[in-house]
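Comments concern the structure below.
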Amino acid sequence: DTNDGEDLSAFNNLMIYKKIDNNQVQSIKITNRAEDNAGTYTFERDKSGEMRIKGHENTAFDAEAYAYLASVCGNTTTMRKISAEALEKYGYDEYGLDAPQSTMTITTTAGVSHTLDIGKEIVSGNGYYVRLAGRDAVYIMNSYVGRYILKPVEFYVSPILNYALTEKNYMFVYNLKVTEFDYAENGTPTANLVTALSYWDYAELHFSAVL
């Protein structure tokens with residue numbers, strides 16, 4: 001049986017909310033609070049229908065990894081629902097949901113939003129306790145929560161040192177800077193210069209030396 005907006009999968013497994021297909025996703029916002037992956041980032045669909053990282057729209061990301069994230073957030077099939085008796089006895093603290101380590105909000109193209117809090121990992125290591133905001137219930141979702149929701153944005157970004165250079169255009173590069181970014185919990189970046197290279201024309205240098 002289902003209640004409070006729950007649904008059943010094709011295999012009759014309990015889902016926290018009705019399945020959201022990838023093409024129905026408008027945005028997915030992740031806020032992680034653990035020290036090793038703290039930060040907030042959002043995948044958002046632009047006017048052309050393409051998914052982008054909000055605030056970094058030109059940054060390439062791993063489409064396959066994002067597809068898994070969208071599947072985990074949109075297909076909330078559960079392993080088990082904690083009984084009302086157990087929840088009343090132990091409270092949210094027992095499941096790490098009084099101060100969740102992560103919060104995920106998925107919004108559909110129709111404007112419907114669902115927010116999940118992620119609590120402790122279960123003892124067996126193959127799932128996490130989760131709670132839907134506004135619903136007095138705790139569920140267990142599988143370990144894909146840890147693999148894709150509990151990740152910093154760097155996990156998704158495709159590493160590119162610089163835009164592609166060819167034999168025809170490399171000589172037009174006059175300055176190259178390598179910058180490292182640290183992100184605060186609210187997503188605000190702090191830039192730290194790692195190294196910088198500047199182009200000097202050999203002919204000009206040689207001429208100056210002769211003079």
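The values are calculated or read from the model by the stated rules, or taken from the named source; none is laboratory data. Since this is a predicted model, take the numbers as computed values, not measurements. Using ideal geometry, Cβ is built from the backbone for each residue, glycine included, and neighbour counts are taken over all protein chains shown. Remember, those area values only see protein heavy atoms, side chains included, never the ligands or the DNA or RNA. Shrake-Rupley method; radii C 1.70, N 1.55, O 1.52, S 1.80 Å.
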Q | Residues of segment 72-100 that turn out to be in contact (Cβ under 8 Å) with a residue 60 or more places away in the chain, over 13 Å from residue 131 (Cα atoms) and in a helix (DSSP H, G or I), as a count | A | 1
Q: Tell me which residues, restricted to segment 1-27, are farther than 20 Å from residue 139 by Cα and either in a loop (DSSP other than H, G, I, E, B) or in contact with a strand residue (DSSP E or B) (Cβ under 6 Å, 6 or more places away or on another chain) (or both).
A: 21, 24, 26, 27
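Report yes if some residue within segment 149-164 is farther than 22 Å from residue 58 by Cβ, modelled with pLDDT under 95 and part of a loop (DSSP other than H, G, I, E, B); otherwise report no.
As a first pass, look at segment 149-164 and keep what is farther than 22 Å from residue 58 by Cβ: 149-150.
Pick out the ones that are also modelled with pLDDT under 95 and you get none.
Within segment 149-164, none of the residues are farther than 22 Å from residue 58 by Cβ, modelled with pLDDT under 95 and part of a loop (DSSP other than H, G, I, E, B).
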Q. In segment 21-44, which residues are modelled with pLDDT of 95 or more and either open to solvent by 50 Å² or more (accessible area, probe 1.4 Å) or more than 17 Å from the chain's Cα centre (by Cα) (or both)?
A. 21, 22, 23, 24, 26, 29, 44
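When you scan segment 130-143, how many residues do you find that are open to solvent by 40 Å² or more (accessible area, probe 1.4 Å) and touching a strand residue (DSSP E or B) at 6+ places or on another chain (Cβ under 9 Å)? Quick ask: steps written out before the conclusion?
Step one: filter segment 130-143 for residues open to solvent by 40 Å² or more (accessible area, probe 1.4 Å), giving 131, 133-134, 136, 142.
With the extra rule that they be touching a strand residue (DSSP E or B) at 6+ places or on another chain (Cβ under 9 Å), the set shrinks to 131, 133-134, 142.
Looking only at that region, the number is 4.
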Q: Would you please list the contacts, defined by Cβ atoms under 7 Å and residues six or more apart or on different chains, that run from a residue in segment 105-120 that is among the acidic types (Asp, Glu) to a residue that is crowded, with 16+ Cβ neighbours inside 10 Å and part of a loop (DSSP other than H, G, I, E, B)?
A: 117/97; 117/100
